[in-house]
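For reference, the structure discussed in these notes is given below.
The values are calculated or read from the model by the stated rules, or taken from the named source; none is laboratory data. Quick caveat: nothing in here was measured; it's all calculated off a predicted structure. No Cβ is skipped: glycine too gets one built from the backbone with ideal geometry, and neighbour counts run over all protein chains shown.
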Amino acid sequence: MLALLLAAATLSTPLKLGVWRVERITDPMTDEVTTAAVVKTEDAFLQISCGSKTPGTMSVILTDRTYFGALGPKVYREGAYRIGTGSPVSVRWGYYRNVAILGESDAPGFVSALKGASKITLQLSNYEDFQIVRQIPTTGMDQAMTETVQACF
């Protein structure tokens, strides 16, 4: 799953700031195809993805310019997301260096709430428990999410 995240710097065409698109990357060792809806902001890169060998399981991964901590095993801390003008939803984020991964049990609710969203707000915290808020643009998101969800399920 992290293959796409790590390969983001080598995508065939650079991501445009604030515009969602679908990427597919094949792992040359396992032939697993990762399909992801991705968007780049000034501070972060968000991917919502799944692998062909794990259908029905989606990952929500944020790579940020902020160092979250945890050089060793992943650390989990409370955070939240808010879709549009809805109420904030408390979730657990797993952190490793500058990557935050939404907990597997929280990812389906997040993904299903995205349809038609006008705004996405993520609340995370760094290794000093300093709150970090990221606004994620939604231009082109519905089409990218539709393609990704179809590939995942």
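Quick check, is Tyr127 hydroxyl-bearing (Ser, Thr, Tyr), touching a strand residue (DSSP E or B) at 6+ places or on another chain (Cβ under 6 Å) and in contact (Cβ under 8 Å) with a residue 12 or more places away in the chain?
On the way: hydroxyl-bearing (Ser, Thr, Tyr): yes; touching a strand residue (DSSP E or B) at 6+ places or on another chain (Cβ under 6 Å): yes; in contact (Cβ under 8 Å) with a residue 12 or more places away in the chain: yes.
Yes, satisfied.
Looking only at residues in segment 139-150 that are surrounded by fewer than 19 Cβ atoms within 10 Å (Cβ to Cβ) and of a type in the set (S, T, N, Q), which one is farthest from Asp64 (Cα to Cα)?
Gln150
For every residue, the table says whether it meets (1) charged (D, E, K, R); (2) in a loop (DSSP other than H, G, I, E, B); (3) at pLDDT below 90.
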site: Ser105; (1), (2), (3): no, yes, yes
site: Gly109; (1), (2), (3): no, no, yes
site: Ser112; (1), (2), (3): no, no, yes
site: Lys115; (1), (2), (3): yes, yes, yes
site: Leu122; (1), (2), (3): no, no, no
site: Val133; (1), (2), (3): no, no, no
site: Thr139; (1), (2), (3): no, yes, yes
site: Ala144; (1), (2), (3): no, no, no
site: Gln150; (1), (2), (3): no, no, yes
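Among the numbered conditions (1) under 12 Å from the mean Cα position of the chain (by Cα); (2) exposed (fewer than 14 other Cβ atoms within 10 Å of the Cβ); (3) among the aliphatic types (A, V, I, L, M), tell me where Val111 comes up short.
(2)
Restricting the search to segment 105-138, which residues are more than 23 Å from Thr57 (Cα to Cα) and of a type in the set (Val, Ile, Thr)?
Ile132, Val133
Among the numbered conditions (1) more than 27 Å from Leu15 (Cα to Cα); (2) touching a Gly at 6+ places or on another chain (Cβ under 9 Å), tell me where Ser87 comes up short.
Every listed condition holds for Ser87 apart from (2).
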